[in-house]
Amino acid sequence: MSLPHAILTALLEKPSSGLELTRRFDKSIGYFWSATHQQIYRELGRLEEAGLIRALPSEVPVRGQKKEYEVLPAGSTELARWVGESQDPKPMRDPLLLRIRAAGVVGPQGLGPELRRHLDLHRRQLAQYEAIEEKDFPPGRDAVEDRLRRLVLHGGIALETFWLAWLEEALAEVEDVADPSGPAA
């Protein structure tokens, strides 16, 4: 149920066309809530049918022209209701964790390069988050919206930092298990 709320959030930040919205998802919201372009366009239609958003009137209607959407009062009310709603954390589903578990049964052969690849991916993601923080959140930028957006970014930074530490530990363990003549823990 979170995709419609992610779209409502983005549209309240700035009325947008579907194309602009998908680009904004790719650059910000998509870091923590991904959606395909098709899912976004489909959800825009549902939100409009439900009376939560509307397409802004166009001065000169042209066939194939981008519709720009804005949130209606009912959409703001729904988003505020959802923000205050209780929800349990979702269980993590990560194929890498399952692969490591499976390696406990069939052996860790080939797992080291994949762990190194994941380390590299998480290092790059962390660097990207840190660059966003430096660019978008200079000292003194303390409006409520900025503080809460920064908080989400800090969550991403903390997760990447966790993954880097955990992957280093996992790689050391896998290499030790793969080479029984190596140092024992």
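Look at Arg93 and say whether it is under 21 Å from the mean Cα position of the chain (by Cα) and assigned to a loop (DSSP other than H, G, I, E, B). When the stated conditions are applied, Arg93 passes them. Any idea which of (1) open to solvent by less than 90 Å² (accessible area, probe 1.4 Å); (2) assigned to a helix (DSSP H, G or I); (3) at pLDDT below 95 is the one Leu167 doesn't satisfy? The number of the failed condition is (3).
Restrict the check to region 67-83 and report whether at least one residue is part of a strand (DSSP E or B), farther than 14 Å from Ala6 by Cα and either open to solvent by 50 Å² or more (accessible area, probe 1.4 Å) or basic (Lys, Arg) (or both). So far as region 67-83 goes, yes, one or more of its residues are part of a strand (DSSP E or B), farther than 14 Å from Ala6 by Cα and either open to solvent by 50 Å² or more (accessible area, probe 1.4 Å) or basic (Lys, Arg) (or both).
For beta carbons closer than 7 Å, sequence separation of 6+ or different chains, a first residue in region 22-47 that is in contact (Cβ under 8 Å) with a residue 12 or more places away in the chain and a second that is open to solvent by 30 Å² or more (accessible area, probe 1.4 Å), the qualifying pairs are Thr22/His37; Phe32/Val152.
If I filter region 7-19 down to residues being of a type in the set (A, V, I, L, M, F, W, C) and surrounded by fewer than 20 Cβ atoms within 10 Å (Cβ to Cβ), which single residue comes out as farthest from Ser86 (Cα to Cα)? Per the criteria, the residue is Leu19.
If you go through region 115-152 and pick out every residue that is within 15 Å of Leu164 (Cα to Cα) and buried (at least 16 other Cβ atoms within 10 Å of the Cβ), you end up with 7.
The values are calculated or read from the model by the stated rules, or taken from the named source; none is laboratory data. Remember, predicted model here, so these are calculated numbers, not experimental data. Using ideal geometry, Cβ is built from the backbone for each residue, glycine included, and neighbour counts are taken over all protein chains shown. We work out accessible area using only protein heavy atoms, side chains counted, and drop any ligands, DNA or RNA first. Shrake-Rupley method; radii C 1.70, N 1.55, O 1.52, S 1.80 Å.
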